[in-house]
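Each remark here refers to the structure printed beneath this line.
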Amino acid sequence: MNDPTLIGPCADYEHDLVDLQDGELAPERARDVRLHLERCARCSTWAAGFGAIDARLAAEITAPGLPPDFDARLRERIASQRRLPDAGDLRSRLEREHAALVQSLRSGARRRAVLGAAGSVAITLGVLAASRRFLEQGMSLLPTLTEGPGHLMVLGTASAVVAIAALAWSIARGGLPLFGTER
Amino acid sequence: MDPGIDEHLAAGRHARAFDLVVPAYRDRVFRLAYSILRDRAAAEDAAQETFVRVWKALPGFDGRAALGTWIYAITRNTSLMELRRRRPTVSFDDPDSTEAQRAAENIATGPAQDPERDNLLRLLETLPHNQQEAVRLFYLEDRSYEAVAEQLGMPLGTVKNLLHRARKRLMELVRPDEEIAA
């Protein structure tokens with residue numbers, strides 16, 4: 001254990017000796033430390049040992065260089081990653097189409113509800129009109145329906161009202177397709 | 001850093017900025033990855049992965065940290081993830097973990113040709129992981145404290161302290177070892 005490198009340098013100089021070796025010491029302080037090294041065997045031996053380790057590490061720790069095709073491979077990888085946003089675009093396009101379809105179905109449902117209500121109103125009005133007319137004219141209506149020139153008009157009107165009501169009822173229950181609700 | 005990178009980033013020209021980032025940082029990124037992984041192919045892969053991540057994240061880079069600091073942090077994370085992937089049972093949270101040391105040792109490939117070199121590097125591998133990494137990077141970066149501090153994300157004083165302790169310990173280890181060898 002008499003090896004000065006194991007005993008260590010003078011405490012005041014240890015960090016300066018390392019900085020001197022690493023070239024990090026200010027010139028003025030470096031001059032002082034060199035003067036100390038000339039006079040102090042302990043520090044000079046320790047510094048020599050430290051310098052030897054430093055030199056060996058510098059010689060032995062080396063990194064291989066990057067291969068020349070590093071950039072080309074990186075560009076290729078990035079190009080393959082760039083294709084991914086295209087897939088993302090496809091997904092977002094599908095999502096947009098889905099949202100539009102849902103919106104369209106919702107508006108179709110609203111339309112069917114309106115038509116259903118209109119159909120109900122038409123049926124009610126038709127029934128009321130027919131009832132009132134029936135009550136007002138009473139039995140005298142019967143010959144009109146079965147005889148005379150107006151009977152076709154009355155029957156036609158009643159049939160049209162029933163047909164419109166049936167159509168509205170079918171649409172309200174999705175029995176018939178509507179333009180604008182299917183994409 | 002190339003001032004052009006800043007200008008392109010500020011103008012939102014991320015692709016142009018990235019074209020400058022790669023040549024400006026690829027060597028340091030590779031050396032940092034190599035200092036962690038100690039395997040050429042693994043370090044190369046980690047460097048590639050780092051730049052892919054940088055490319056993806058560059059539009060979101062807000063400049064709060066220096067670009068280099070940000071890129072080196074991505075490099076360290078990528079390299080440590082690669083280390084974990086290779087040895088999934090090992091925790092690298094503790095930089096002094098002996099398990100982490102052994103895992104890193106085992107990743108190093110290729111037989112050493114020079115027994116003395118092999119000996120010194122084996123001694124280096126007995127040191128705490130953070131000391132090993134600082135020492136390797138210091139010599140890979142041509143003895144630059146600043147480069148090591150930036151790449152490891154540590155204060156300069158911490159790096160100097162790690163290097164000092166590591167090399168002092170190596171001095172202590174080398175002498176008895178060489179006496180035994182003699």
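The values are calculated or read from the model by the stated rules, or taken from the named source; none is laboratory data. Keep in mind it's a predicted model, so treat the numbers as computed, not measured. All Cβ positions, glycine included, derive from the backbone under ideal geometry; neighbour counts span all protein chains shown.
A few remarks follow.
- Scanning the stretch A:17-35 for residues that are without any contact (Cβ under 8 Å) to a residue 12 or more places away in the chain, hydrophobic (A, V, I, L, M, F, W, C) and within 14 Å of chain B (Cβ to nearest Cβ) yields one hit, A:LEU25.
- Close pairs from the stretch B:143-166: first more than 20 Å from A:ASP16 (Cα to Cα), partner at pLDDT 95 or above and of a type in the set (Phe, Trp, Tyr), Cβ under 7 Å, at least 6 apart: B:GLU150/B:TYR72; B:GLN151/B:TYR72; B:GLY153/B:TYR72
- Filter result (more than 9 Å from every other protein chain (Cβ to nearest Cβ) and farther than 25 Å from B:ARG175 by Cα) within the stretch A:36-74: A:PRO68, A:ASP69, A:ALA72
- Condition check for B:ARG26: touching a Pro at 6+ places or on another chain (Cβ under 9 Å) and among the charged types (D, E, K, R): no
- Qualifying residue in the stretch B:37-45 (condition: under 26 Å from B:HIS129 (Cα atoms), of a type in the set (D, E, K, R) and under 11 Å from the mean Cα position of the chain (by Cα)): yes
- Of the candidates B:ARG13, B:ARG87, B:ARG38, B:ARG28, the single residue that is outside the structural domain of B:LEU152 (by TED's automatic domain parsing), touching a Phe, Trp or Tyr at 6+ places or on another chain (Cβ under 9 Å) and basic (Lys, Arg) is B:ARG28.
- Within the stretch A:53-85, the set of residues being of a type in the set (A, V, I, L, M, F, W, C) and part of a loop (DSSP other than H, G, I, E, B) comprises A:ILE61, A:ALA63, A:LEU66.
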